[in-house]
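Quick note: the coordinates plus some simple rules give every number you see, no bench work behind them. Everything quoted here is computed from the prediction, not taken from an experiment. Because the Cβ atoms are built from the backbone with ideal geometry, glycine has one as well, and the counts that use them run over all protein chains shown.
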Amino acid sequence: MSFGRPPRCLFCSFSRAAANGPRVPRRQFQLSAAQFADKPNKKPVEKGVTLKQLSENMKPEDFKPYTKKEKAYLKKHYTPEQLAAIEAGEAAIDPKDMAEQFRIRKDPMKLMYLDDFSVVEPGIDKHVRAPESNSDYNATLKTEEDFIDDFAKFISEMPEKATVSDWVRFAEQNRMTIGKEENELNPNSSLVPDLFQPGETIDGPSDKPHNYYDVSRTPNQVAKEDKEASEALKVLMKNTGYSASEIASLKTKTLVRKSVVNQTRLGKIRSEYVLTVAGNGNGLLGIGEGKSQEPPDANIQAVYRAIRNMKPVPRYENRTIFGDVTGKVGAVELKLMSRPPGFGLRCQSLIYEMCRAAGISDIAARVERARNPMNTVKAAYQALMSQRDPEEIARARGKKLVDVRKVYYSGRRN
Amino acid sequence: MSLVNLAHVCSHLNNATKARLGFTSIPNSNLHLKLCLALQNDGFISSVVRGGPEAPPMHNLLGIPTGHGEGYYVEPVTQINVASRRLWLGLKYWQSQPVLSKISMVSKPTRRLTIDVAGLREVVRGQKSGYIEGLRSPGESLYLSTDKGIKEARECVEKKLGGLVLCRVL
């Protein structure tokens, strides 16, 4: 692998093959700029001149009016009215003033680096990803000539013993538009949402899904799976209202497993104790305990109870908790602390798994006194559930509350 | 300024809210009065009334002493009766939970803690400054005794005041 050309992210290039629009820089795994073969390397910035020196030596001559070439280039991008406005704006400011009043910004919103904003810097700027939608706005219907070309190609490539089926296949599979393939085969429209499930046609479910769709499970299969569910799973589905596939998609993790013994008159009876957490990765979390002499039974008990016990966990910005919370079960005392975006889950493994299941991504935790795994999980659950909602606090005190993070940047999150 | 009495008040308020009392009384002093008014201003308690050893008349609808209303008479504080005055506080609850769930002393009678504006800025942002822990839980408040009276930590930062840290309220 050449290091000049970085490895490409698979996920970013799903819909790349058919795209014929302008090339979008891919996501980089390294900070150096992407080197494309068809694009000359960017000239390195001249060294030896700092911004300070530049600002001190600024002269009116440095601010030149647009050349003819530049104007011609601008004409491609702007309407004549816009161009007139730009020229009027340029003329309104005296180059002498520009040279005198040029300052290095010192305000808190200043940029920490020099940039002309004309290129995407992989290390600093947001990644520009390939579009997710199938839509191709440049797609056009084929003209008669295009169809004639297609037909000519078909004739020229026709096998010697051509049958009617060859002709039918050509007539059915020949495309009607020029542009992205997905745009024609699976167009996206908010006005006309998908009427059919993947693999379904107007005549009913088809056994052979279309080439374009890559779907492993059809609704028919899902219904079949539901019928084959065990008795316990059926009860769970009835209680929770989830389908078997939804239950399968939940995140469950067995955190504690130990053997326990009951001493009876007849002797010791061993059984397996299992503690499991379940969550949907988006704000629901539950813990379940199971105990049985048969380990698989205990496992299923624990998982199903965890799913049945799932409750919403309050999350701030869907990533961390509201303030610091404490929990105590037995001798385990722990403290969960909210953290800024991008902090990660810096906590011990049990709490990490619980946060993963609940969809919390920024948290810190301290477990004090005892560190019994079972009680740690219970205490962490207690702590997560004991969060106080700021809105409720504000209403209780009769105060108005505003989250300034939502107020800055016009209330936009990202 | 007796912090011993203030510590007793804090404990008493904790006990009263845990017992879900509608109103309670604390000894009268200027420090207690100012702190209670600050708490009332921030919505932790519903009313503050200076009364005698007996509870002042209740509000007809609210069931707590509000200090005003029909036929209400305030006994003026004189040198004779000042020692028997008490502060009657109306406590608040929201969805079966006390609004003032925990009040604890930061300064102790044997160790008074003061803080300047720079330190207070850190505390308000949730960071520890000196011996004083940051305000990290939603709705957590810290009360300080300053030159301009008893104020909440955020108000002190706004007005650039430092002072003696009294208590932390959650």
Read phi for every residue in region A:71-84 and hand back ³J(HN,Hα) as whole Hz from Karplus 6.51 cos²θ - 1.76 cosθ + 1.60, θ = phi - 60°, with x for Gly and Pro.
5, 4, 5, 4, 4, 5, 9, 10, 6, x, 5, 5, 4, 4
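Net charge around A:Met374, counting only other residues with Cβ within less than 9 Å of its Cβ (Lys, Arg = +1; Asp, Glu = -1)?
Net of charged neighbours comes to +1.
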What does the highest-first list of A:352-362, A:85-95, A:268-278 look like by mean Cβ count within 10 Å?
A:352-362, A:268-278, A:85-95
Could you give the length gained on full extension between A:Lys106 and A:Arg395, defined as 0.36 nm per residue of separation minus the Cα-Cα distance, in nm?
100.0 nm
Under 5 Å between amide H atoms, partner at least 5 residues away or on a different chain: which partners does A:Gly323 have, H built in plane at 1.01 Å?
A:Ser338
What FRET efficiency comes out for the pair A:Glu228/A:Gln293, r = Cβ-Cβ distance, R0 = 22 Å, nearest 0.05?
0.25
Counting sequence-distant residues (5 or more places) and residues on other chains, those with an amide H built under 5 Å from that of B:Tyr93 are B:Val99
Computed from the beta carbon distance with a Förster radius of 45 Å, FRET efficiency for A:Thr140 and B:Gln95 to the nearest 0.05 stands at 0.15
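Of the cross-linked pairs A:Lys335/B:Lys148; A:Lys69/A:Lys110; A:Lys238/A:Lys406; A:Lys52/A:Lys75; A:Lys253/A:Lys291; A:Lys328/B:Lys151, which ones have a Cα-Cα span greater than 28 Å in the structure shown?
Details: A:Lys335/B:Lys148 36 Å; A:Lys69/A:Lys110 32 Å; A:Lys238/A:Lys406 40 Å; A:Lys52/A:Lys75 34 Å; A:Lys253/A:Lys291 16 Å; A:Lys328/B:Lys151 33 Å.
In this structure, A:Lys335/B:Lys148; A:Lys69/A:Lys110; A:Lys238/A:Lys406; A:Lys52/A:Lys75; A:Lys328/B:Lys151 lie more than 28 Å apart at Cα.
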If the cut-off is 26 Å between C-alpha atoms, which lysines fall inside it for A:Lys142, apart from same-chain ones fewer than 8 positions away?
A:Lys153, A:Lys180
Describe numerically, in nm with one decimal, the distance between label points set 7 Å from Cα along Cα→Cβ at A:Val164 and at A:Val120.
5.2
Length gained when the stretch B:His68-B:Asn81 is fully extended (0.36 nm per residue, less Cα-Cα span):
2.6 nm
Rounded to the nearest 20 debye, dipole of region A:269-393 from Cβ charges on Lys, Arg, Asp, Glu
220
Report the label-to-label distance for A:Glu61 and B:Tyr131 in nanometres (one decimal), using points 7 Å from each Cα along the Cα→Cβ vector.
6.9
Taking a ≥ b ≥ c as the square roots of the Cα gyration tensor eigenvalues, with a/c under 1.5 meaning rounded and otherwise prolate when a/b beats b/c or oblate if not, region A:325-397 comes out oblate
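Based on other C-beta atoms within 10 Å, arrange B:His8, A:His77 from fewest to most.
Working: B:His8 15, A:His77 8.
So the ranking, lowest neighbour count to highest, is A:His77, B:His8.
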I'd like the Karplus ³J(HN,Hα) series for region A:241-250: coefficients 6.51, -1.76, 1.60, θ = phi - 60°, whole numbers in Hz, and an x wherever there's a Gly or Pro.
x, 8, 7, 4, 5, 5, 5, 5, 7, 6
Taking the Cβ of each residue in B:Ser25, A:Ser259 as the centre, tally the other Cβ atoms inside 10 Å and list the residues starting with the fewest.
A:Ser259, B:Ser25
Cut-off under 5 Å, modelled amide H: who pairs with B:Ser47 long-range:
B:Gly90
